[in-house]
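Visitor: Have a look at this one before I ask anything.
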Amino acid sequence: MKKPKIAAQVYSVREAAEKDFTAAMAALKECGYEGVELAGLYGLTPETVKSCLDELGLTAVSAHVGLEPFMEDMEGTVSAYHTIGCSYIGIPYLPKERHYGGEKFEETCSFLKKLSAACAAQGMTLLYHNHNFEFEKTEKGTYLFDEFFAAFEADEMQTEQDTCWVNVGGEDPVAYLKKYQGRCPVVHVKDFRRADGAVELVALGQGEQDVPAIAKAAAECGAGWLVVEQDDHPYGEPMENMAKSAKYLRGLQDS
């Protein structure tokens, strides 16, 4: 069984990236990350981003890109991330009107299928990144998550399961990775604690997620990349937490 590589979602250290993108990427490399998932280009050209990552030896795994840039210029936006070298484009979120049961769902599905074809033409794969609301029940008693992915063929839309939000949504992340085996090439690994009803994000190994089981299941289900994402840092500094998470994941893989 091939071990997935480890990448960092740049949104986790967005303030550092906004201040000095190259320095932030160098720090992530020093933390032990092999690749990054972009969340914006921080005012840089695709060519500059590619050059920076290439010089540091970081793989541009994927990028989170909202629908709006693709609606404005699908071909140009896809080409920009192809220039950087991304293998995947992740849609980070859809509002409820564009999700299953929403008034714009069919329109959105049609658009995403065109976007998937445009990505495929450039050698990239389209992903959708979930939050916990996708585990609300539909009128049929099913989950929005499952209804959404049922609207696409596997080669049109792959999952980018955020295992934290799967758990917060009330489901078992390991079970959901196995349910979508072969359709989860990139997996978000995120740890959290519940405090007074709120979800607090923490470095891997410091919360209630069974990260070892999730990492093992992701590998078994065909994931090529584990992406560490920590949206907020209520405890510790962002880069410090990302270093702790990388070390923790590397320790799991080396054990």
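Visitor: Filter the stretch 225-255 down to the residues that are assigned to a loop (DSSP other than H, G, I, E, B), small (Gly, Ala, Ser) and either without any contact (Cβ under 8 Å) to a residue 12 or more places away in the chain or touching a Pro at 6+ places or on another chain (Cβ under 6 Å) (or both) and list them by number.
Guide: Ser255, the sole residue that qualifies.
Visitor: Sticking with this one: Condition (residue is over 29 Å from Ala218 (Cα atoms) and either of a type outside the set (S, T, N, Q) or surrounded by fewer than 17 Cβ atoms within 10 Å (Cβ to Cβ) (or both)) applied to the stretch 4-14: is it met by at least one residue?
Guide: no
Visitor: While we're on this one: Going through the stretch 109-126 one residue at a time, which ones are over 19 Å from the mean Cα position of the chain (by Cα), open to solvent by less than 60 Å² (accessible area, probe 1.4 Å), closer than 15 Å to Ala150 by Cα and in contact (Cβ under 8 Å) with a residue 24 or more places away in the chain?
Guide: Within the stretch 109-126, Cys109 is the sole residue that qualifies.
Visitor: So which helices (runs of 4 or more DSSP H) are wholly in the stretch 127-224 and hold at least 3 residues that are among the hydrophobic types (A, V, I, L, M, F, W, C) and either surrounded by fewer than 22 Cβ atoms within 10 Å (Cβ to Cβ) or over 16 Å from the mean Cα position of the chain (by Cα) (or both)? I'd like the intermediate steps shown before the answer.
Guide: Values: elements: 144-150, 163-168, 173-179, 211-220.
Where helices (runs of 4 or more DSSP H) fall fully within the stretch 127-224 and carry at least 3 residues being among the hydrophobic types (A, V, I, L, M, F, W, C) and either surrounded by fewer than 22 Cβ atoms within 10 Å (Cβ to Cβ) or over 16 Å from the mean Cα position of the chain (by Cα) (or both), they are 144-150, 211-220.
Visitor: Give Asp172, Asp210 a once-over and let me know the one that is without any contact (Cβ under 8 Å) to a residue 12 or more places away in the chain and farther than 28 Å from Ala16 by Cβ.
Guide: Answer to the check: Asp172.
Visitor: A further question follows. Would you be able to tell me the number of residues in the stretch 12-71 that are in contact with a Cys (Cβ under 7 Å, 6 or more places away or on another chain) and either more than 26 Å from Lys247 (Cα to Cα) or not hydrophobic (A, V, I, L, M, F, W, C) (or both)?
Guide: 2
Visitor: Just give me the residues in the stretch 79-91 being without any contact (Cβ under 8 Å) to a residue 60 or more places away in the chain and open to solvent by 30 Å² or more (accessible area, probe 1.4 Å), in sequence order.
Guide: The initial filter retains those residues of the stretch 79-91 that are without any contact (Cβ under 8 Å) to a residue 60 or more places away in the chain, namely 79-87, 89, 91.
Within the stretch 79-91, Ser79, His82, Thr83, Gly85, Ser87 qualify.
The values are calculated or read from the model by the stated rules, or taken from the named source; none is laboratory data. Keep in mind that what you see is a predicted model, and the values were worked out from it rather than measured. Here the Cβ is made from the backbone with ideal geometry for all residues, glycine too, and neighbour counts use every protein chain on show. The accessibility values were calculated without ligands, DNA or RNA, using every heavy atom of the protein model including side chains. Shrake-Rupley method; radii C 1.70, N 1.55, O 1.52, S 1.80 Å.
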